[in-house]
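Peer 1: The structure follows.
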Amino acid sequence: RRADGEVTSQCGFLSEWFKTLFDMDIDTKSALDNCIVEMYEKCKITDKTDLTKLKPSDYPTFDTLKELINEKLNSKSIKSYDEQLYRKLSNYISLFVGNGIYARFWNGVTELNISNDFTVFDFQKLFANSNKELYNAQMLLLMRLLMQETIRNKDHNEATGEKTRVIILVDEAHRYISPRFPIALDTLEQFARRIRKYDGALIVATQNIDDFVGTSEEMRSKASAVINNCQYSMLFGLKADDINKV
């Protein structure tokens, strides 16, 4: 299967993903975007590449990106202003390599395998983490992973005639409603609105509807969208105040 725009889409996603971690100026951000595109090209991964023939080790890592930035910094023809940009960029990417604070989370060849019939993503420690940027960045990655797998499953069913379904179950859903972690609620809302057209299903479970709805008007609007897009709602043992909230 050809990439069909997946590499271009991935570069665009990474551009947005870095925004959850850093507030870069526009010139540094543009330099990073260009480096990401160039990195994939140097690895010979383009929209024309047959991705089914690639192994996890064929894909670039943050070490690859850091090496590319260092090459640009060591270029004899580099201009003074560009040197400043790439030096700032090098400082950012240093957090993802070696002993950098983000290296153990995101640098290296993936070992993730979700081919099992049942896979659990445990967010307990991540919820307890005081680093909200880390949480939001990880949640954004998970959202993309699950949505891509859901889309690929539909493509597979159409190609083979199979009827495999992807079901995403979110337990303790009230923990996803926090102004500190806006991407968590955005994730739920996007799945609730989109997953059915890919022949998938979303199940949301919470003990207290009041905690799930949230406090601000924006949070209530998004949480209500999740509830309103549910085909079935099962409510058990609600107190009077919770009934009013429903």
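The values are calculated or read from the model by the stated rules, or taken from the named source; none is laboratory data. Remember, it's a predicted structure, so these values are computed and weren't measured experimentally. Positions of Cβ are generated from backbone atoms using ideal geometry, with glycine treated the same way; all protein chains shown enter the neighbour counts. Protein only, heavy atoms only, side chains kept; ligands, DNA and RNA dropped before computing areas. Shrake-Rupley method; radii C 1.70, N 1.55, O 1.52, S 1.80 Å.
Peer 1: For the chain, give the magnitude of the charge dipole about the Cα centre (Cβ charges: +1 Lys/Arg, -1 Asp/Glu; no others), in debye to the nearest 20. Write down the numbers at each step before the final one.
Peer 2: Working: 33 positive and 36 negative charges, 43 e Å.
That gives the chain a dipole magnitude of about 200 debye.
Peer 1: Out of PRO56, GLY100, PHE13, whose Cα points farthest toward the positive end of the dipole of the stretch 1-103 (charges: +1 Lys, Arg; -1 Asp, Glu; placed on Cβ)?
Peer 2: PRO56
Peer 1: When the chain is modelled as a GNM with alpha-carbon springs shorter than 10 Å, which of GLU218, GLU111, GLU189 fluctuates the most?
Peer 2: Among GLU218, GLU111, GLU189, the largest mean-square fluctuation in the Gaussian network model of the chain belongs to GLU111.
Peer 1: Could you tally the net charge around ILE114, taking each other residue with its Cβ under 14 Å from the Cβ of ILE114, Lys/Arg +1 and Asp/Glu -1?
Peer 2: That works out to -2.
Peer 1: Relative to the Cα centre, what is the charge dipole magnitude of the stretch 120-167, using +1 at the beta carbon of each Lys and Arg, -1 at the beta carbon of each Asp and Glu, and rounding to the nearest 20 debye?
Peer 2: On the way: 7 positive and 6 negative charges, 21 e Å.
About 100 debye.
Peer 1: If R₀ is 51 angstrom, what is the calculated FRET efficiency for the pair PHE105 and SER221, using the beta carbon separation as r and rounding to 0.05?
Peer 2: Efficiency computed from Cβ-Cβ geometry: 0.95.
Peer 1: Now a separate question. Out of ASN74, LEU146, ASN228, whose Cα points farthest toward the positive end of the dipole of the chain (charges: +1 Lys, Arg; -1 Asp, Glu; placed on Cβ)?
Peer 2: ASN74
Peer 1: What is the sum of charges around SER75, taking Lys and Arg as +1, Asp and Glu as -1, for the other residues whose C-beta is under 10 Å from the C-beta of SER75?
Peer 2: 0
Peer 1: Just to be sure I understand the rule: take each whole DSSP H helix in the chain, project its Cα atoms onto its long axis, keep it if the span is 15 Å or more and its mean Kyte-Doolittle hydropathy is at least -0.5. Which ones pass?
Peer 2: Membrane-span-like by this rule: 6-19, 26-42, 62-73, 182-194.
Peer 1: Are any of the pairs LYS154/LYS197; LYS163/LYS197; LYS125/LYS245; LYS42/LYS66 more than 19 Å apart by Cα-Cα distance, and if so, which?
Peer 2: Violating the 19 Å limit, Cα to Cα: LYS125/LYS245.
Peer 1: Then there is this: Taking a temperature of 25 °C and a viscosity of 0.890 mPa s, what whole-number D in µm²/s does Stokes-Einstein yield for the chain with Rh from Kirkwood over alpha carbon pairs?
Peer 2: 119
Peer 1: In addition: What is the magnitude of the charge dipole of the stretch 1-129 about its Cα centre, with +1 placed on the Cβ of each Lys and Arg, -1 on the Cβ of each Asp and Glu, and no other charges, expressed in debye to the nearest 20?
Peer 2: Here the stretch 1-129 has a charge dipole of around 280 debye.
Peer 1: Under a straight-distance cross-link criterion of Cα-Cα below 25 Å, which lysines are reachable from LYS239, leaving out those fewer than 8 residues away in the same chain?
Peer 2: Output for LYS239: LYS222.
Peer 1: 222 nm [θ] for the chain, helices only, -39500 (n - 2.57) per DSSP H run of 4+, per residue, to 500? All intermediate terms of the calculation are to be shown ahead of the outcome.
Peer 2: Numbers: 11 runs with 131 residues, N = 246.
Counting only the DSSP helices, I get -16500 deg cm²/dmol.
Peer 1: Over the chain, with the other protein chains present, what is the accessible area per residue in square angstrom, probe 1.4 angstrom?
Peer 2: Working: 15390 Å² over 246 residues.
That works out to 63 Å² for each residue.
Peer 1: Also: Just the number, please: carbon plus sulfur as a percent of the accessible area of the chain, 1.4 Å probe, no ligands or DNA/RNA counted.
Peer 2: Summing carbon and sulfur atoms, their accessible area is 49 percent of the total for the chain.
Peer 1: Farthest toward the dipole's positive end in the chain, which of TYR86, LEU202, PHE127, given Cβ charges of +1 (Lys, Arg) and -1 (Asp, Glu) about the Cα centre?
Peer 2: Comparing the listed Cα positions along the dipole, TYR86 ranks first.
Peer 1: Quick check: residue separation of ASN244 and LEU142 times 0.36 nm, minus the Cα distance between them. What number comes out in nm?
Peer 2: Using 0.36 nm per residue and subtracting the Cα-Cα distance, I get 33.4 nm.
Peer 1: May I ask you to compute the full-extension gain from ASN228 to THR46, defined as 0.36 nm times their residue separation minus their alpha-carbon distance, rounded to one decimal in nm?
Peer 2: 61.5 nm
Peer 1: Peptides 147-154, 180-187: what's the order by average Cβ count within 10 Å, highest mean first? Before the final figure, lay out the partial values.
Peer 2: Values: 147-154: 16.8, 180-187: 18.9.
So the order, starting with the most tightly packed, is 180-187, 147-154.
Peer 1: OK, next. What is the packing order of peptides 52-59, 166-173, 23-30, taking the mean over residues of other C-beta atoms within 10 Å and listing the highest first?
Peer 2: Working: 52-59: 10.6, 166-173: 16.0, 23-30: 13.0.
Going by the mean number of other Cβ atoms within 10 Å, highest first, we get 166-173, 23-30, 52-59.
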